[in-house]
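Let me begin by presenting the structure, written as structure tokens, before commenting on it.
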Amino acid sequence: MPLLHTEDLTKEYQMGEVTVTALQKINLSVESGGFVAIMGPSGSGKSTLLHLLGGLDNPTSGEIYLNGEPLSKMADDELTKLRRRKIGFIFQFYNLIPTLTTIENVGLPLLIDGQSLQHHREHIAQLLKLVGLENRANHHPDQLSGGQQQRVAIARAFVNNPEIVLADEPTGNLDSNAGTAILGLLKRTCKEFQTTIIMVTHDARAASYADRVIFLKDGQIVHQIQNNGDRIAVDNLMAIMAHLEI
Ligand SMILES: Nc1ncnc2c1ncn2[C@@H]1O[C@H](COP(=O)(O)OP(=O)(O)OP(=O)(O)O)[C@@H](O)[C@H]1O
Ligand SMILES: [Mg+2]
């Protein structure tokens, strides 16, 4: 059984008289420990798909199954618990809390879950080291660069040892060295801890780290490729993007 699968997943937004179809009948299946990249033009539905997969928003129709269980049948408190304990989010715009320090922002999912940061000091320190922010532990977000804030968001996504990490452009604001380090980190956690990663990206180099790349256009899956070796060739991805006019 796949860890996560969707059946005709559809999301429409009603804007006055106009209906915007953000996702149209998406059928997607992700195995535990898989690393999936989602590519597509701006407005193609990538963020919408991540939000639905993480239970942050409800589909208009269709269903999402997690370990075979339909999310729509889960009670609200069950879904909330699932989000807090099993899923890590890296949002497109980081969503850091300005009044909290780096340590507190990283620990936020634990705080919200009613746990004390005191018990997790070492774990948080380890995560900060992994993302290269050990000497920014007591800074506030406005004292950090964009790329550093992004790395805080990445550390935060892993703080609850999630089964699934949903990442929206996790390397969008990083220079190529920091980006490579983060992608390597995502790939390693995916393989070592069987963490399932679903990552939205515009960048063919970032997508090349995934096991599978899904191309979205106008809310539909228009193409998929699977890697057969260690990495998907960046040239292949660029050729497909050009062909699909992404
Ligand atoms: N809350 C909303 N209300 C109305 N329309 C929305 C809403 N959120 C998204 N949309 C529309 O749904 C479509 C998909 O949006 P989405 O944010 O998923 O795109 P995206 O692929 O993530 O784009 P980008 O690469 O620019 O982040 C767009 O046409 C957008 O205008
Ligand atoms: Mg988006």
Exercise. Of all the strands (runs of 3 or more DSSP E) wholly in the stretch 119-228, which have at least 2 residues that are basic (Lys, Arg) and farther than 20 Å from PHE91 by Cα?
Worked result: 212-217
Seminar exercise, completed: Of the residues in the stretch 73-105, those that are among the polar types (S, T, N, Q) and modelled with pLDDT of 95 or more number 4
Problem set entry | Within the stretch 82-108, tally of residues that are in a loop (DSSP other than H, G, I, E, B), without any contact (Cβ under 8 Å) to a residue 40 or more places away in the chain and buried (at least 17 other Cβ atoms within 10 Å of the Cβ) | 1
Seminar exercise, completed: Going through the stretch 156-176 in order, the residues found to be surrounded by fewer than 24 Cβ atoms within 10 Å (Cβ to Cβ) and free of Cβ contacts under 8 Å to residues at least 60 places away in the same chain are ASN161, ASN173, LEU174, ASP175, SER176
Exercise. Within the stretch 38-45, is even one residue of a type outside the set (Val, Ile, Thr), within 29 Å of LEU144 (Cα to Cα) and surrounded by 21 or more Cβ atoms within 10 Å (Cβ to Cβ)?
Worked result: yes
Exercise. For the stretch 109-155, what are the residues that are in contact with a strand residue (DSSP E or B) (Cβ under 8 Å, 6 or more places away or on another chain), closer than 14 Å to ILE97 by Cβ and open to solvent by less than 20 Å² (accessible area, probe 1.4 Å)?
Worked result: ALA153
Problem set entry | Residues of the stretch 9-51 satisfying the condition of being touching a residue at least 40 places away in the same chain (Cβ under 8 Å), more than 9 Å from ligand 1 (Cβ to nearest atom) and under 24 Å from MET241 (Cβ atoms) | LEU9, GLN24, LYS25, ILE26, ASN27, LEU28, VAL30, GLY34, PHE35, VAL36, ALA37, MET39
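Out of the stretch 53-112, which residues are among the aromatic types (Phe, Trp, Tyr) and more than 16 Å from ligand 1 (Cβ to nearest atom)? Don't jump to the end; show me each part of the working.
Applying the first criterion (among the aromatic types (Phe, Trp, Tyr)) to the stretch 53-112 yields 65, 89, 91, 93-94.
The answer is TYR65, and nothing else.
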Problem set entry | Residues that are hydroxyl-bearing (Ser, Thr, Tyr) and either part of a strand (DSSP E or B) or open to solvent by less than 40 Å² (accessible area, probe 1.4 Å) (or both), drawn from the stretch 50-79 | SER61, TYR65
Exercise. Taking the stretch 39-54 on its own, how many of its residues are over 10 Å from the mean Cα position of the chain (by Cα) and more than 10 Å from ligand 2 (Cβ to nearest atom)?
Worked result: 3
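The values are calculated or read from the model by the stated rules, or taken from the named source; none is laboratory data. None of the values given here were measured: they were computed from a predicted structure. Positions of Cβ are backbone-derived with ideal geometry, glycine not excepted, and every protein chain shown enters the neighbour counts. Each accessible area value is taken on the protein alone, full model and side chains, heavy atoms only, with ligands, DNA and RNA left out. Shrake-Rupley method; radii C 1.70, N 1.55, O 1.52, S 1.80 Å.
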